[in-house]
């Protein structure tokens, strides 16, 4: 009976590990359009240019299956997530933390990302 229990537990652990690996998502190969749900043009984001960053730096809710900013940061969001504008553009925001403020790695202006 103990051997059967150990076997069943081992099988479930192995299945869980393999399922987690199978569900892992690789970054898209080319640039992607990031919809901003606002008045400005969508941003073209190139994952290859941000390879020094970790996925969770931007996709901080990936464990919940939420990869799109608008899933949590739309103005109508009911949770306590900051509005999309603040989540992206603030000095502590996803983009702003590297591209705005005194400590910017590569300072950018609005039209550098929101091209017309």
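Computed values, structure above
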read-out	value
Test: residue 110 is closer than 19 Å to residue 56 by Cβ and modelled with pLDDT of 80 or more	no
Options 72, 98, 58; residue that is closer than 17 Å to residue 31 by Cα, touching a helix residue (DSSP H, G or I) at 6+ places or on another chain (Cβ under 9 Å) and surrounded by 12 or more Cβ atoms within 10 Å (Cβ to Cβ)	58
Number of the exception - residue 115 against (1) in a loop (DSSP other than H, G, I, E, B); (2) touching a residue at least 40 places away in the same chain (Cβ under 8 Å); (3) surrounded by 12 or more Cβ atoms within 10 Å (Cβ to Cβ)	(3)
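A quick yes/no check of all residues on (1) in a helix (DSSP H, G or I); (2) over 21 Å from residue 108 (Cβ atoms); (3) modelled with pLDDT under 75; (4) within 16 Å of the chain's Cα centre (by Cα):
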{"residue": "39", "(1), (2), (3), (4)": "no, no, yes, no"}
{"residue": "52", "(1), (2), (3), (4)": "no, no, no, yes"}
{"residue": "56", "(1), (2), (3), (4)": "yes, yes, no, yes"}
{"residue": "87", "(1), (2), (3), (4)": "yes, no, no, yes"}
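The values are calculated or read from the model by the stated rules, or taken from the named source; none is laboratory data. These numbers were taken from a predicted model, which means no experiment stands behind them. Cβ: placed from backbone, ideal geometry, glycine included. Neighbour counts: every protein chain shown.
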